[in-house]
Amino acid sequence: MGELGITMSPLGESAIRIELGTGIDPRTHRKVKALREALEQHAFPGMIECIPAFTSVTVLYDPLQVRAVSMGRPDCKARTSYELVCAAVQQIAFRMDDGTDHQPRVVEIPVCYGGEFGPDLHVVAGHNQMTAEEVIDIHTGGEYLVYMIGFAPGFPYLGGMSERIATPRRAAPRTSIPEGTVGIAGMQTGVYPISTPGGWQLIGRTPLQLFRPHDNPPSLLQSGDIVKFRSISLEEFEQYREDSQ
């Protein structure tokens, strides 16, 4: 698989992990997204689901179904289900597009920064020796790539935050963080789509609903999207909430 730039390894008896790179970067992300799309379009018999991550795609499969479909082929009788899946993935990988021509969807997320919505904004500002307004300007000035969705339903793992506002996690996580809260942890920023415990530094809140369980797909953001944050006032925040009801 070297010519394709991927490596494969088993995860138990019914899953395979396909590595497409070693670093978190846009090029590796495009390969992950392209392979996921190719697997979904050309699913092999017995494939259950594919799960993308920062640098890999995990494929879940039914080993009994994989074997049953292949039993009539003489060249497959002495091969394990894992070996058969590796061969199928290799064939599918040759079909994947590199994604360089893909135009990402841009999603604007309005955020009311500071105050009760962002109690840690002053912590981020103090840690980086700047004002709260400067933190907001830097945070809203970036473009953030959605690498994957995980941790909680609809939670986006974003890349591209400026190291100028990077701030360590809280020493003691909060037991409950409200839906829509925007936070910073290390070199990452993200939005809590549901109420959940967490240890990120909270800098604001969006009135947008990121997790929409009755929609298909239920997550507002998808892997490959570009996020832009926009600062809004408390009055605008309340108006967004009223309009969405």
Exercise for review: Just give me the residues in the range 9-25 being open to solvent by 40 Å² or more (accessible area, probe 1.4 Å) and modelled with pLDDT of 90 or more, in sequence order.
Suggested key: Ser9, Pro10, Leu11, Gly12, Glu13, Ser14, Arg17, Glu19
Check your understanding: So which residues in the range 58-106 are in a helix (DSSP H, G or I) and modelled with pLDDT under 80?
Key -> Val69, Ser70, Pro74, Asp75, Cys76
Review point. Looking at the range 146-164, which of its residues are open to solvent by 20 Å² or more (accessible area, probe 1.4 Å) and in a strand (DSSP E or B)?
Key: Met148, Ile149, Tyr157
**Study point:** Counted residues, the range 1-31 - those being closer than 21 Å to Leu84 by Cα and in a helix (DSSP H, G or I)
**Key:** 3
Revision key, fill the gap. For the range 222-238, pairs from a residue that is without any contact (Cβ under 8 Å) to a residue 60 or more places away in the chain to a residue that is assigned to a loop (DSSP other than H, G, I, E, B) and among the hydroxyl-bearing types (Ser, Thr, Tyr), with Cβ under 6 Å and 6 or more apart or across chains, are none
Point to revise | Pick from the range 33-57, criterion surrounded by fewer than 17 Cβ atoms within 10 Å (Cβ to Cβ) and at pLDDT below 95, ranking: farthest from Ser223 (Cα to Cα) | key: Pro45
Study note, to complete from the structure: For the range 165-208 the number of residues that are open to solvent by less than 40 Å² (accessible area, probe 1.4 Å), of a type in the set (Val, Ile, Thr) and not in a strand (DSSP E or B) is 2
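The values are calculated or read from the model by the stated rules, or taken from the named source; none is laboratory data. Since the structure is predicted, the reported quantities are computational estimates derived from the model, not experimental observations. Using ideal geometry, Cβ is built from the backbone for each residue, glycine included, and neighbour counts are taken over all protein chains shown. The area values use the complete protein model at the heavy-atom level, side chains included, leaving out ligands, DNA and RNA. Shrake-Rupley method; radii C 1.70, N 1.55, O 1.52, S 1.80 Å.
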